[in-house]
Amino acid sequence: MDQNEVIVRVGGAAGDGVQSAGLIIARVFSRSGLYVSTYNYYQSIIRGGQSWYQTRASIRKVKNQGDDLDILVALNKDALERHTNPEINEGGASSLKGIVVYDKSVGEFKKFDGIKYCEMNLGEIAQKYSKNSLLKNTVAIGAIFGYLSMDFEILAEVIRDQFGGKGEIAELNVRAAREGYDTFVEKFGKATKELKTPKKKLYLLAGGEAAGLGAVRAGLKAYFGYPMTPATSIIHYLASHEKKFNVFVKITEDEISAINMAIGANYAGVRAMTGSSGGGFALMTEAVGMSAEMEIPLVVYEAQRAGPSTGLPTKTEQGDLLQVLGASQGDFPKAIFSPRNIEETYYMIGEALNLAEVYQIPVFFMVDLYLAEHYETVENLKFDFDMKRGKFATGNEKDYKRYEFTEDGISIRALPGTPNLMHNEDSDEHDEKGDVVSDAVTDPLIRRKIMEKRMKKLEKLKKELPPTPSYRLEDAEYALVQWGSTQGPVEEAVDILRNKGIKTGAIEVNRPYPVNPDILKLVKGKKKVIFVENNYTGQLMRLIRSELNVEADLITKYDGESFYPGQLAEEIEKKIKE
Amino acid sequence: MVTFTDFKGTVKADWCPGCGNFAQLTAIPMALAELGIKPENTVIASGIGCSSNMPEFMKAYGFHGIHGRSLPAASAIKWANSELTVIAYGGDGDGFNEGTQHFYHAARRNPDITYIVSDNQIFGLTTGQASPTSRLGMKTKTTPDGSIEPPINPVTMALNAGASFVAREFSGDVKHMQATIKKAVQHKGFSFIDVFSPCVTYNKDNTYDFFRKRVYKVEDEKHDTSDFMAAYKRATEWGDRIPIGILYENNDMTYEERDSVLNKPLIKQPFTKVTEEDLLEFY
């Protein structure tokens with residue numbers, strides 16, 4: 001076990017309480033002041049199958065779930081054999097090299113070398129406290145924190161929080177955990193090395209929650225959506241905080257309604273957004289163009305999962321970039337954001353909401369299942385927000401024109417309720433005043449001018465793009481290009497390769513569109529440029545290469561899992577040597 | 001004082017001469033003016049179709065969106081700013097084909113908006129195809145041998161869905177329609193008016209004459225608008241006698257009244273300040 005970090009996996013079937021056990025473990029680490037990153041592997045079923053929850057805790061900042069398992073909690077025989085078997089390489093993670101805690105009721109099973117098997121009477125201990133079979137998970141959790149010599153009081157606190165205070169159930173769980181803690185140490189001893197636990201105030205949250213909280217910080221007043229994994233974590237967070245934040249949350253009859261409502265609310269002057277995954281977003285497509293044509297601000301939270309079609313509902317992928325880019329007919333200005341981690345999700349959603357209102361365009365905020373659902377620690381979050389809402393008319397304007405041709409293409413909005421400035425906002429092509437030019441006498445000159453007016457906003461967007469971020473790129477010989485949530489494994493792969501003397505660095509695209517021409521400068525002089533993407537065809541590579549002349553290689557992963565840093569480093573090395 | 005002419009737009013309506021929509025273009029502003037509702041506080045939201053061009057021809061805040069989607073936009077506009085009077089307007093193709101599920105769900109939600117459908121039983125803007133309310137056997141460009149699909153009954157659908165105000169009107173009687181629109185706008189909740197609005201160009205079956213011969217006013221027959229079953233019975237009446245007027249009305253709570261966040265117009269609510277306290281649940 002690394003002195004500085006530990007990786008724990010809880011494996012079992014759906015309904016075994018894998019996720020809640022995993023979350024308790026993760027929270028104990030984060031409350032102990034350790035940086036945490038988790039990964040939830042689950043299936044689209046409520047009972048049975050295989051699921052596991054991996055938590056990496058470290059005294060350094062961690063941005064992914066890590067490779068080598070130190071501790072396995074196996075909640076059934078299948079999990080026990082699966083996660084200890086070096087032949088089964090779940091999603092790319094290495095199998096266990098440390099200890100495994102399991103209940104003796106599993107019976108006969110296959111053993112592998114290099115693993116310390118810690119068989120316990122988890123079920124028997126649990127039965128002393130409750131008939132609820134899930135209590136044995138608590139015993140096992142106690143056991144691993146005994147092994148790690150961590151402060152039991154923090155575990156007790158987290159359990160009490162989880163089970164709602166100091167009630168009987170909470171106390172039974174605390175006592176069961178204590179017995180697990182002591183029994184393990186008695187029987188198997190402690191880990192030879194002890195994790196330092198710095199006193200840091202860290203918070204552990206998922207991407208969907210970060211996006212929700214970040215949006216509220218940025219003045220969100222309404223969210224419209226329809227449940228679709230993995231765009232549900234933001235809905236759950238906002239819906240359960242509706243009254244606290246005074247944010248209107250509406251679950252609609254379909255995604256078409258959701259996006260039309262979000263546009264309606266924005267039209268009336270309320271900061272509103274909608275969200276879905278690829279399938280639901282497909283239904284929203286037509287209204288995206290309406291937002292552009294009517295110049296009504298819109299932010300769409302798009303949480304990708306593996307497609308096509310229903311695809312892998314509970315698995316991650318970055319396969320929707322070109323869908324989002326191409327959504328709706330015609331040419332129009334738009335912007336795509338792809339935050340790289342949970343902290344950036346919290347801040348960037350505010351930028352997206354500002355941008356949509358200032359430019360009066362549709363803005364897409366793209367995350368993926370991994371980013372939306374995995375938990376990560378954040379610290380020192382800022383709460384103040386520089387709200388930018390663009391131009392609003394007051395009613396005193398002379399010769400007001402809703403779509404006035406301006407230098408930068410942005411005109412002044414007059415919200416309904418404003419005196420004197422009544423006008424029509426139309427999905428039909430219109431002139432400066434909003435009067436339709438599409439029906440009786442189509443006016444080619446006006447059509448050209450209004451198209452150019454809207455497209456000026458894209459030019460302005462391009463001019464105002466912030467520099468593309470990078471990681472250890474300056475002296476790098478090889479540049480990796482990533483977007484969105486793959487930042488964690490890519491940066492760690494860079495570190496692994498540099499430790500081996502291979503000078504790599506990363507270009508991190510957190511705003512895929514409009515394409516930032518500074519990427520050309522960043523790749524200049526590099527021996528190789530390799531795109532790393534969680535999809536089949538390299539969609540970011542295709543987008544960037546459609547606008548910039550960049551020669552590139554591609555590493556992809558489309559098995560539904562996120563990248564694992566060790567395995568990725570190996571693949572990069574192979575690609576470099578090709 | 002608000003007058004009819006305050007709502008007069010600068011663009012001349014380009015519907016076919018004799019189109020039923022002209023009656024609505026008169027009746028809606030008349031009703032609003034009588035209620036003293038100012039154009040600046042009125043939003044007309046529509047979808048796509050001949051009738052959906054209405055916002056272009058009225059002086060008010062117009063939202064001319066996409067086919068079938070006027071109701072989601074109209075509902076959200078109301079929720080964003082409940083001080084506005086929001087009227088959704090469109091045709092039978094728009095409302096009862098692509099918009100069907102929005103219609104049904106808007107009715108059950110009961111937002112305080114008015115939905116007026118110009119029901120001409122045909123697609124006009126796309127030059128004469130069968131619509132969801134085209135009668136069985138009707139010959140159109142897409143049903144050369146006559147429609148083989150029974151039509152939708154928008155009024156029973158609204159009743160089934162739980163609409164709190166359901167009415168039917170006829171473009172041939174502007175005054176009567178105007179009175180009903182006035183009541184619909186005054187009604188707290190989702191009010192629906194299905195207007196027989198003849199298409200003089202493409203529908204040779206359901207003409208002004210056809211309706212004039214058949215319509216009767218429910219209030220002349222002591223109809224009780226609080227009696228759901230009586231309303232349902234009238235709604236299914238078809239043939240020699242077709243009822244117009246307010247068929248049903250109740251005082252159910254509106255969506256805005258049920259949702260505590262909407263008790264005050266969203267647009268007037270201050271932005272929420274996020275603090276460290278909001279992070280405690282993640283500790």
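Each reported figure results from applying straightforward, stated rules to the coordinates on display, with no laboratory input. These numbers come from a predicted model, not from an experiment. Methodologically, a virtual Cβ is constructed for each residue, glycine included, from the backbone with ideal geometry; neighbour enumeration extends over all protein chains shown.
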request  = Would you work out the relative contact order for the stretch A:440-578, in percent, from Cα pairs under 8 angstrom that are 6 or more residues apart?
outcome  = 25
Approximate spin-label separation residue B:217-residue B:257, in nm, with each point projected 7 Å along Cα-to-Cβ = 2.9
query = Just from the alpha-carbon atoms, what are the Rg and Dmax of the stretch A:182-323 in angstroms?
reply = 20.0, 70
task = Name the residue, out of B:239, B:95, B:20, whose mean-square fluctuation peaks in a Gaussian network model built on chain B with Cα pairs under 10 Å.
result = B:239
ask   = Check residue A:391: other-chain or 5+ apart residues with amide H under 5 Å from its amide H, H built from backbone geometry?
value = A:413
DSSP-loop chymotrypsin sites (Phe, Trp or Tyr not before Pro) across the stretch A:190-237, with at most 12 other Cβ within 10 angstrom = none
note = For chain A, the longest principal axis of the Cα atoms and the Cα long axis of helix A:255-267 enclose an angle in degrees, to the nearest 10, of 60
ask   = What list of ³J(HN,Hα) values in whole Hz, one per residue of the stretch A:233-250 in order, does the Karplus curve 6.51 cos²θ - 1.76 cosθ + 1.60 (θ = phi - 60°) give from phi, with Gly and Pro shown as x?
value = 4, 6, 5, 4, 5, 5, 5, 7, 10, 4, 6, 4, 8, 6, 10, 7, 10, 10
request  = Obtain the radius of gyration and the Kirkwood radius of the stretch B:134-276 from its C-alpha atoms and give Rg over Rh.
outcome  = 1.12
query = Radius of gyration and Dmax for the stretch A:146-195's Cα atoms, expressed in Å?
reply = 11.9, 36
key: From phi via Karplus (6.51, -1.76, 1.60), per-residue ³J(HN,Hα) for the stretch B:156-161 in Hz, x at Gly/Pro   = 5, 4, 4, 5, 4, 6
remark   = Violations at 29 Å Cα threshold for listed pairs A:244/A:462; A:449/B:78; A:391/B:273; A:463/B:59; A:462/B:273; A:244/A:453 -> A:244/A:462; A:449/B:78; A:463/B:59; A:462/B:273; A:244/A:453
key: Semi-axes of the equivalent ellipsoid for the stretch A:367-449, Cα gyration tensor, largest first, Å   = 38, 20, 12
task = Can you put B:16, B:199 in order of Cβ neighbours within 10 angstrom, beginning with the fewest?
result = B:16, B:199
request  = With a bin width of 10 angstrom, please list the P(r) values of the stretch B:161-204 as percents of all Cα-Cα pairs, from the 0 bin to the one holding the largest distance.
outcome  = 27, 46, 22, 6
ask   = Based on the Cα coordinates of the stretch A:526-574, what is the per residue volume of their convex hull in Å³?
value = 76
Most fluctuating residue given options B:250, B:263, B:53, as computed from a GNM of chain B linking Cα atoms under 10 Å = B:263
message = Please report the antiparallel percentage of DSSP beta bridges with both residues in the protein assembly as shown, rounded to the nearest 5.
response = 30
query = What angle, in degrees between 0 and 90 and rounded to the nearest 10, separates the Cα long axis of helix B:174-186 from the longest principal axis of the Cα atoms of chain B?
reply = 20
Gyration tensor verdict on the stretch B:36-83 (Cα atoms; rounded if a/c is under 1.5, prolate if a/b is larger than b/c, oblate otherwise) = oblate
request  = Compute the long axis of helix A:152-162 from its Cα atoms, compare it with the longest principal axis of the Cα atoms of chain A, and write down the angle in degrees, 0 to 90, nearest 10.
outcome  = 50
inquiry  = List the trypsin sites (Lys or Arg not before Pro) within the stretch A:76-183 that DSSP assigns to loop and that have no more than 13 neighbouring Cβ atoms inside 10 Å.
reply    = A:110, A:111, A:131, A:166
ask   = Which of rounded, prolate, oblate describes the stretch B:1-158, given a ≥ b ≥ c as roots of the alpha-carbon gyration tensor eigenvalues and a/c under 1.5 marking rounded, otherwise prolate only if a/b is larger than b/c?
value = oblate
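Which whole-number percent is the relative contact order of chain A (Cα, under 8 Å, 6+ apart)?
12
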ask   = How are the Cα pair distances of the stretch A:213-267 distributed, in percent, across 5 Å bins from 0?
value = 5, 21, 29, 28, 16, 2
key: Residues with amide H under 5 Å from that of residue A:511, placed H, sequence gap 5 or more   = A:338
key: Under the Debye formula (equal points on every Cα, no solvent term), log10 I(q)/I(0) of the stretch A:467-578 at q = 0.12, 0.13, 0.14 Å⁻¹   = -0.34, -0.41, -0.48
query = What are the extents of the Cα atoms of the protein assembly as shown along their three principal axes, listed from largest to smallest and rounded to whole Å?
reply = 94, 66, 55
inquiry  = Could you tell me the center-to-center distance, by alpha carbons, between the stretch A:283-344 and the stretch A:346-372 in angstrom?
reply    = 10
message = Rounded, prolate or oblate for the stretch B:64-141? Axes are the square roots of the Cα gyration tensor eigenvalues, ordered a ≥ b ≥ c, and the cut-off for rounded is a/c under 1.5.
response = prolate
key: Cβ-defined net charge surrounding residue A:149, 9 Å radius [Lys, Arg +1; Asp, Glu -1]   = -1
Karplus 3J(HN,Hα) series, Hz, for the stretch B:111-127 with 6.51 cos²θ - 1.76 cosθ + 1.60 (x for Gly, Pro) = x, 7, 10, 10, 10, 10, 10, 7, 9, 10, 6, 6, 8, x, 4, 9, 6
Descending semi-axes in whole angstrom, ellipsoid equivalent of the stretch A:473-528, from the Cα gyration tensor = 20, 15, 6
ask   = Can you tell which of B:136, B:35, B:159 shows the greatest fluctuation in a Gaussian network model of chain B with Cα springs below 10 Å?
value = B:136
Global size of the stretch A:260-344 as Cα Rg and Dmax, reported in angstrom = 13.4, 38
ask   = What percentages, rounded to whole numbers, describe P(r) for the stretch A:29-145 computed over all alpha carbon pairs with 10 Å bin width beginning at zero?
value = 12, 41, 38, 9, 0
message = Give me the mean projected area, in nm² to one decimal, of the convex hull enclosing the Cα positions of the stretch B:115-218.
response = 7.0
inquiry  = Please list, by residue number, every one of the GluC sites (Glu not before Pro) in the stretch A:382-460 that is coil in DSSP and has at most 10 other beta-carbon atoms within 10 Å.
reply    = A:407
request  = Take the Cα atoms of the stretch A:124-231, find their three principal axes, and give me the spread along each one in whole Å, biggest first.
outcome  = 54, 36, 26
key: Long-range HN-HN contacts of residue A:365 with modeled amide H, under 5 Å   = A:300, A:301, A:302, A:337
query = In Å and whole numbers, how far do the C-alpha atoms of chain B stretch along each principal axis, longest first?
reply = 69, 44, 39
Quarter of the Cα convex hull surface for the stretch A:373-512, i.e. its orientation-mean projected area (nm²) = 14.6
